[in-house]
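Some notes on the structure that comes next.
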Amino acid sequence: MHWFQNKENKQPDDKQTVPTEQTKDSSVKLEREACLKHLGQALSSNERGVVLKLYIENFKQLNQLLGYEYCENLLNQILTYLKETCTNNVYHYIGVEYVIILDNLTQGQAMNLAEEIGARFDHAWKIDGTDCLCSVEMGLCAYPGHAATSEQMLKCLDLAVTRAGEAGPNQAVIFDSTLQNQLLRRQAIALYIKTALEKEEAEILYRPIYSTDTKNFTRAELSMRIFIKGLGLIGSGEFMPVAEDSGQIRALLYYALDKVCQCIRQAVDAGCEFESITLPVSPVLFLQEDFIAEVSKVMDTYHVPKGKLALELKESSLTMGYLNLGIMLQKLADMGVELILNEFGSGCSSISAILDLPVQTLKLERLFVWQLETNEKSRYIIEGLIRMAGDLDLTMIAEGVETENQVSVLTNAGCSFQQGFYYSPPLKQENLIKILGKNREESAPYLFEE
């Protein structure tokens, strides 16, 4: 919701009534209930119309930068504009999300309206003489048609809003048959994830990481995929976001954590010489109260030595709840967990934020590696990032390595840890154990098996 704590802690005076947080929560709850009631009536009627959902981007950053009072006034000005433009069927649904029910409008009319709203957000909002630019993502869904209930309608709108965000600032996307198929696919994946874990049907593989210094495979990273009848083989890039949205990410990643620690134990018992094995994690896990305790418990169960378990998070995670994230990362580092930051160089977070975190290893944004084949300028970016990591005494890993040219540039720049199909395909656990600490020649028979 759009109520934020007033950091100035102003006291009310005789001429002003300051609403309590409870009052604000109650007000938003009542408006959301009114929205759902109107939406249910619209969907059950024989009338046609369109529902528009609007989400204001990066509002948390605006609130931190410009302050509570400024942002409250900004939201009031935006709400006034929306009501004047769309009539009064504008509801504050949750957070900085607004639902607008456009009774009796055609899809074309609604899209024209959305484009008008988007054009307004291309221009600054002026509050107390100070200009501010903020952007929106908008999703539209016509009725009757795609959704029979309010819950279904909101799912359709959420997917349309997500696609609008991918298209750029102030864009609107209409939910259509293509998105309908995508929604059905996501629902099928969500339903199957739980079954896959219960029946041990999730396939666990490991991507080896080669050291050009030691000429051996010294690291690895877990990769998971599941096979769903009718959909085929689904990689983690597709099912992880579904797991986050459906509330299954906790069970999924705790399952993977157990597998990684089990693999580490087997590698240690086999006498393998290796640095660490990595589990990529979702930032959602850092919101779980038991996350640190769960990591500690699984490490104790398998007697994982310090430094052998690595957790990898995306650089974009640093923009979400940074203070809490920093505290939890420090606790993990104190437990002997290696922390790896992926997408380094993507620009999602500031360098100062990275300096404040107990991260030991950086993973180079793979886009730069791929562009070595088509854009000579990427070489200079890679060299600069690797040099920066070295100056900060941080380890650098390059992923997506597939060609001799990429190997040459990365090695000459000082990036000794490299991962990709040039060196090895993803391996099953038994084959990973056979190549850890071994050179490419010794590993060849097991690589060819895959």
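What the table below lists for this structure:
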| quantity | calculated |
| --- | --- |
| Qualifying residue in segment 142-150 (condition: in contact with a helix residue (DSSP H, G or I) (Cβ under 7 Å, 6 or more places away or on another chain), of a type in the set (Ser, Thr, Tyr) and modelled with pLDDT of 95 or more) | no |
| Top-ranked residue of segment 423-450 - restricted to ones that are touching a Ser or Thr at 6+ places or on another chain (Cβ under 6 Å) and either hydrophobic (A, V, I, L, M, F, W, C) or within 10 Å of Phe217 (Cβ to Cβ) (or both), ranked as surrounded by the fewest Cβ atoms within 10 Å (Cβ to Cβ) | Leu447 |
| Residue ID - farthest from Leu257 (Cα to Cα), chosen from residues in segment 310-336 that are touching a Cys at 6+ places or on another chain (Cβ under 8 Å) and at pLDDT below 70 | Thr319 |
| Residue within segment 274-283 that is part of a helix (DSSP H, G or I) and modelled with pLDDT of 80 or more present | yes |
| Filtered residue count, segment 223-248, keeping only those that are within 19 Å of Leu309 (Cβ to Cβ) and not polar (S, T, N, Q) | 1 |
| Condition met for Thr106 (at pLDDT below 85, among the hydroxyl-bearing types (Ser, Thr, Tyr) and out of contact with any Ser or Thr (no Cβ under 8 Å at 6 or more places or on another chain)) | no |
| Members of segment 344-364 found to be more than 22 Å from Gln288 (Cβ to Cβ), at pLDDT 70 or above and of a type outside the set (Val, Ile, Thr), listed by number | Phe344, Leu355, Asp356, Gln360, Leu362, Lys363, Leu364 |
| Candidate set: segment 243-260, residues that are at pLDDT below 90 and on the phi < 0 side of the Ramachandran plot; chosen: the one most open to solvent (accessible area, probe 1.4 Å) | Asp245 |
| Glu289 vs. criteria farther than 14 Å from Ser223 by Cα, open to solvent by 50 Å² or more (accessible area, probe 1.4 Å) and more than 18 Å from the chain's Cα centre (by Cα) | yes |
| Segment 373-410, residues that are polar (S, T, N, Q) and surrounded by 15 or more Cβ atoms within 10 Å (Cβ to Cβ) | Ser378, Thr395, Thr403, Gln406 |
| Helices (runs of 4 or more DSSP H) completely within segment 1-103 that count 3 or more residues being open to solvent by 40 Å² or more (accessible area, probe 1.4 Å) and either closer than 20 Å to Ala160 by Cα or modelled with pLDDT under 85 (or both) | 21-44, 59-66 |
| Set Ile94, Ile127: member being within 23 Å of the chain's Cα centre (by Cα) and aliphatic (A, V, I, L, M) | Ile94 |
| Residue within segment 114-122 that is part of a loop (DSSP other than H, G, I, E, B) and surrounded by fewer than 19 Cβ atoms within 10 Å (Cβ to Cβ) present | yes |
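The values are calculated or read from the model by the stated rules, or taken from the named source; none is laboratory data. Note that the structure is predicted; figures quoted are calculated from it, not measured. Positions of Cβ are generated from backbone atoms using ideal geometry, with glycine treated the same way; all protein chains shown enter the neighbour counts. Heads up: the accessible areas ignore ligands, DNA and RNA and are worked out on the full protein's heavy atoms, side chains in. Shrake-Rupley method; radii C 1.70, N 1.55, O 1.52, S 1.80 Å.
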